[in-house]
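**Q** To start, I am sharing the structure in question, which I have written as structure tokens.
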Amino acid sequence: MYGGGNTFESAKFEGLENEDPQKLAEFEARIERGEKIEPSDWMPKLYRKQLIRMIEQHAHSEIIGALPEGTWITRAPGFKRKLALMAKVQDEVGHAQLLYSAAETLGKPREAMIDDLITGKSKYSNIFNYPAFTWADSCFISWLVDAGAIVNQLANARGSYGPYCRALDRICAEESFHLKYGHHCVIHMATGSEKQREMMQAAINRWWGPMMHFFGPPDKVSVHTEVLMKWKVKMASNDDCRNQFLDMYVPKIWELGLTIPDPNLKKNEDTGRWEYTEPDWEEFKRVINGDGPCNKERLAVRRTAEERGAWVRKALLAPKTEYVAPLA
Amino acid sequence: MESLDPRVSRLNIDENASLSPKAPLDQFGTFEVFVQLKEGKQYKHEGAVHAPNRDMAFIFAKEQFSRRLMCSGLFVVDTRNVFVTEYTEDTVNVYEKVADNADAQGEAQEFEFFHLMKRGKQHEHIGSIEAQSAEQALVMAKSEFINSDKPIYNVWVVKTNDILFSSEEDKVIWNTLPEKKFRDAIAYKAADKVKAFKIRQHK
Ligand SMILES: [Fe+2]
Ligand SMILES: [Fe+2]
Ligand SMILES: [Fe+2]
């Protein structure tokens with residue numbers, strides 16, 4: 001995953017003046033005290049709407065994110081790597097289940113979310129619209145895309161909505177294997193033969209742009225984050241997350257003798273912040289709006305899975321049960 | 001569709017087919033899942049799964065909630081069969097809100113109790129009581145819990161018969177968990193390799 005409420009457009013910020021001021025004050029005081037909001041509590045419409053959007057898009061990202069990595073399961077080098085990659089991809093799909101459940105407690109049925117994914121109405125993390133050409137791309141995703149996801153997820157786990165936080169705690173615990181596995185794969189490539197090093201370097205060159213996009217547009221152009229920060233829906237700014245990622249992982253990339261395709265990338269020791277070339281935000285916009293190398297394939301695969309699996313679900317459908325939202 | 005993924009190419013997908021919404025399907029029912037991490041520990045609410053029936057819910061729950069961590073037992077129950085009290089906060093014990101008596105008729109049955117002791121945390125299994133209804137079970141539990149040291153904020157009451165419990169024989173499904181070390185971060189140590197690489201680079 002890949003949540004963060006950053007690559008994501010946010011809900012329209014209106015109607016807040018129609019909320020009961022007394023209830024709103026109590027709600028905000030609860031968050032201020034560091035308490036979680038639970039499904040049975042009163043909450044502003046905007047809070048509900050924004051959280052549904054964010055958690056749902058996070059869930060979609062887990063599902064779609066399993067596709068580029070899944071590409072390499074059958075051709076992962078050796079039994080151990082196949083076993084590990086399969087387990088990781090299974091985890092990612094499991095994360096989606098946990099997140100869909102959390103979003104459902106806010107009132108959006110799971111089927112409606114899956115519909116919105118398939119029709120392209122709902123977004124998912126943009127980075128998965130790029131292809132995994134070689135095994136090294138899969139290594140990059142496992143290590144660094146997951147590392148970026150963990151930065152976001154750890155931040156969000158301190159947020160205010162109980163069911164989302166509990167799902168994230170579980171997810172973060174599972175992610176530690178992904179991260180170590182991914183790092184292990186990259187180390188193996190980077191310290192291997194000349195050919196392996198070349199492959200790894202080429203993958204970094206391909207993925208650096210999307211990786212910088214991953215945390216969303218720079219703070220100076222992201223709008224509406226103030227109230228979301230106050231409500232602990234958004235826990236860290238896009239630039240702060242990006243900076244934290246660079247701080248933790250650039251040294252680890254460099255120590256393997258690999259380079260990063262940005263001549264301006266360096267840490268400003270005075271400010272403690274990383275300096276870098278802004279990635280191409282026009283490309284980001286274009287891709288997130290549908291015109292990326294893999295958007296069509298990702299949705300088509302998801303839709304086909306839905307269509308061709310429908311008969312199984314129909315066969316299992318028993319009138320004795322009934323869909324309701326989960327309790328917590 | 002020519003994909004980098006051979007599994008996708010084999011599907012022969014028309015990626016230009018219009019993105020119409022899928023045909024609606026009545027959704028599967030919802031089941032709450034409780035997990036026991038270790039023998040002797042309390043069962044805790046872990047989350048929900050959607051399934052066509054309780055048996056399938058058990059299978060999904062096993063995959064979803066006991067694939068990675070330790071596990072020694074699993075409960076699943078249809079969400080509609082969970083009797084939920086109101087929620088209280090601060091120092092208010094929810095048992096203060098329970099009436100002193102409840103209408104009851106019919107045969108006594110067993111009911112399982114789950115308490116929420118901390119906001120933001122999960123419900124934990126406390127024990128069971130024999131009563132004629134969930135309401136009556138709450139009345140009966142009141143005297144025991146109303147003076148608890150820490151306030152109880154919410155109670156779930158479930159008829160024991162409505163729960164599907166893992167059985168003694170089921171426990172073999174978790175026997176292989178310790179063998180799946182490839183799912184643990186600890187199986188991926190590589191510091192030595194990095195060190196050796198750095199030394200080689202230096203030469
Ligand atoms: Fe994940
Ligand atoms: Fe991932
Ligand atoms: Fe992951």
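The values are calculated or read from the model by the stated rules, or taken from the named source; none is laboratory data. Just so it is clear, the model here is predicted, and its values are computed rather than measured. Neighbour counts are summed over all protein chains in view; Cβ atoms, including those assigned to glycine, are modelled from backbone coordinates with ideal geometry. Note: accessible area is taken over every heavy atom of the protein model, side chains too, but ligands, DNA and RNA are not part of it. Shrake-Rupley method; radii C 1.70, N 1.55, O 1.52, S 1.80 Å.
**Q** Say a paramagnetic label sat at a point 7 Å from the Cα of B:LEU69, along Cα to Cβ; which residues of the stretch B:100-127 have their backbone N under 17 Å from it?
**A** Counting only backbone N, you get B:115-126.
**Q** Over the residues of the protein assembly as shown, compute the C-alpha Rg and express it relative to 2.2 N^0.38 Å.
**A** 1.03
**Q** Right, another one. Separation between the B:THR176 and A:LYS80 pseudo-spin-labels, each 7 Å from Cα along Cα→Cβ, expressed in nm?
**A** Placing both labels 7 Å beyond Cα along the Cβ direction yields 2.0 nm.
**Q** Here is a follow-up. What is the Rg over Rh value, at two decimals, for the stretch B:5-57, using alpha-carbon atoms and the Kirkwood definition of Rh?
**A** 1.26
**Q** As a test question: what accessible area, to the nearest 10 Å², does A:THR74 have when a 1.4 Å probe is rolled over all protein chains in place?
**A** 70 Å²
**Q** Using a probe of 1.4 angstrom, how much of the accessible area of chain B is carbon and sulfur, in percent?
**A** Answer for chain B is 49 percent, counting heavy atoms of protein chains only.
**Q** Treating each Cα of the stretch A:16-316 as an identical point scatterer and ignoring solvent, apply the Debye formula and state log10 I(q)/I(0) at q = 0.11, 0.15 Å⁻¹.
**A** After summing over all Cα pairs, the log10 values are -0.71, -1.28.
**Q** A follow-up question, please. Rounded, prolate or oblate for the stretch B:83-170? Axes are the square roots of the Cα gyration tensor eigenvalues, ordered a ≥ b ≥ c, and the cut-off for rounded is a/c under 1.5. The partial results should precede the final answer.
**A** On the way: a/c = 2.31, a/b = 1.21, b/c = 1.91.
It comes out oblate by the Cα gyration axes.
**Q** How big is the Cα convex hull of the stretch B:48-203 in projection, averaged over all directions, in nm²?
**A** 14.8 nm²
**Q** List the relative contact order of chain A as a percent without decimals, with contacts defined as Cα pairs under 8 Å and 6+ residues apart. Provide the component values of the computation, followed by the final result.
**A** On the way: 405 pairs, mean separation 76.3, N = 328.
Result for chain A is 23 percent.
**Q** Then there is this: Take every residue in peptide B:62-68, count the Cβ atoms of other chains within 10 Å of its Cβ, and give the average of those counts.
**A** The mean count of partner-chain Cβ atoms within 10 Å per residue comes to 4.
**Q** With springs connecting C-alpha atoms under 10 Å apart, model chain A as a Gaussian network and identify which of A:ASP262, A:ASP20, A:ASP146 has the largest mean-square fluctuation.
**A** In this elastic network of chain A, the residue with the biggest mean-square fluctuation among A:ASP262, A:ASP20, A:ASP146 is A:ASP20.
**Q** For a quick check, take a GNM of chain A with Cα springs below 10 Å and name the residue from A:MET54, A:MET86, A:MET248 with the largest mean-square fluctuation.
**A** Comparing A:MET54, A:MET86, A:MET248 in a Gaussian network model of chain A, the most mobile one is A:MET248.
**Q** Please tell me which of these pairs span more than 28 angstrom C-alpha to C-alpha: A:LYS234/B:LYS181; A:LYS108/B:LYS121; B:LYS38/B:LYS181?
**A** A:LYS234/B:LYS181
**Q** Ok, one more. Between the chain alone and the structure with every protein chain in place, find the residues of the stretch A:177-205 that drop at least 10 Å² of accessible area; heavy atoms, 1.4 Å probe.
**A** Relative to the lone chain, where solvent access is computed with a 1.4 Å probe, the stretch A:177-205 loses at least 10 Å² at A:PHE177, A:LYS180, A:TYR181, A:HIS184, A:ILE187, A:HIS188, A:THR191, A:ARG197.
**Q** Same structure, new question: At 1.4 Å probe size, what's the solvent-accessible area of B:VAL76? Round to the nearest 10 Å².
**A** 0 Å²
**Q** Averaged over A:101-109, how many beta carbons belonging to a partner chain fall within 10 Å of each residue's beta carbon?
**A** That works out to 2 on average.
**Q** Follow-up question, since we're still on this one. Heavy atoms only, 1.4 Å probe, whole protein assembly: order B:LYS189, A:LYS252 by accessible area, highest first.
**A** Most to least solvent-accessible, the answer reads B:LYS189, A:LYS252.
**Q** Now for a different question. What does the stretch A:208-328 give for Rg and for Dmax, in Å, if only its C-alpha atoms count?
**A** Spelled out, the Cα radius of gyration and Dmax of the stretch A:208-328 are 21.3, 65 Å.
**Q** Report the accessible surface area buried between chains B and A, summing both sides, using a 1.4 Å probe on protein heavy atoms only, in Å² rounded to the nearest 100.
**A** Counting both chains, the buried surface is close to 6100 Å².
**Q** State in Å² the accessible area per residue of chain B; use a 1.4 Å probe, count heavy atoms of protein chains only, and round to the nearest integer. Let's see the in-between values first.
**A** Values: 11380 Å² over 203 residues.
Spelled out: the 1.4 Å probe surface of chain B, per residue, equals 56 Å².
**Q** Order A:GLU35, B:GLU135 by their accessible area, 1.4 angstrom probe, all chains in place, largest first.
**A** Values: A:GLU35 45, B:GLU135 85 Å².
From most exposed to least exposed: B:GLU135, A:GLU35.
**Q** What's the whole-number percent of alpha carbon pairs in the stretch A:119-255 lying beyond 23 angstrom? Can you show the working numbers first?
**A** Values: 3679 of 9316 pairs.
Of all Cα-Cα distances in the stretch A:119-255, 39 percent exceed 23 Å.
**Q** Determine the dipole magnitude for the stretch B:6-178: charges of +1 sit on the beta-carbon of Lys and Arg, -1 on that of Asp and Glu, nothing else is charged, the reference point is the Cα centre, and the result goes in debye to the nearest 20.
**A** Numbers: 19 positive and 27 negative charges, 194 e Å.
My answer is approximately 940 debye.
**Q** Continuing with this model, one more query. Express the accessible area of chain A per residue in Å², computed with a 1.4 Å probe while the remaining protein chains stay in the model.
**A** 40 Å²
**Q** Evaluate peptide B:37-50: per residue, the Cβ atoms of other protein chains within 10 Å of its Cβ; return the mean as an integer.
**A** So the per-residue partner count for this stretch is 3.
**Q** If the viscosity is 1.306 mPa s and the temperature 10 °C, what Stokes-Einstein diffusion coefficient in µm²/s follows for the stretch A:69-156 when Rh is the Kirkwood radius over Cα pairs? Write out the running numbers ahead of the final one.
**A** Values: Rh = 14.8 Å.
The calculation lands on 107 µm²/s.
**Q** Of all accessible surface on the stretch A:32-106 at a 1.4 Å probe, what whole percent is carbon and sulfur? Kindly include the intermediate steps, with their values, before the conclusion.
**A** Details: 1480 of 2420 Å².
Carbon and sulfur together cover 61 percent of it.
**Q** Counting Lys +1, Arg +1, Asp -1, Glu -1, what net charge surrounds B:GLY120 among other residues with beta carbon under 10 Å of its beta carbon?
**A** +3
**Q** Specify which residue in the list A:GLN201, B:THR85, A:SER138 is farthest towards the positive end of the charge dipole of the protein assembly as shown, using unit charges on the beta carbon of Lys, Arg (+1) and Asp, Glu (-1), about the Cα centre.
**A** Of the options given, the answer is A:GLN201.
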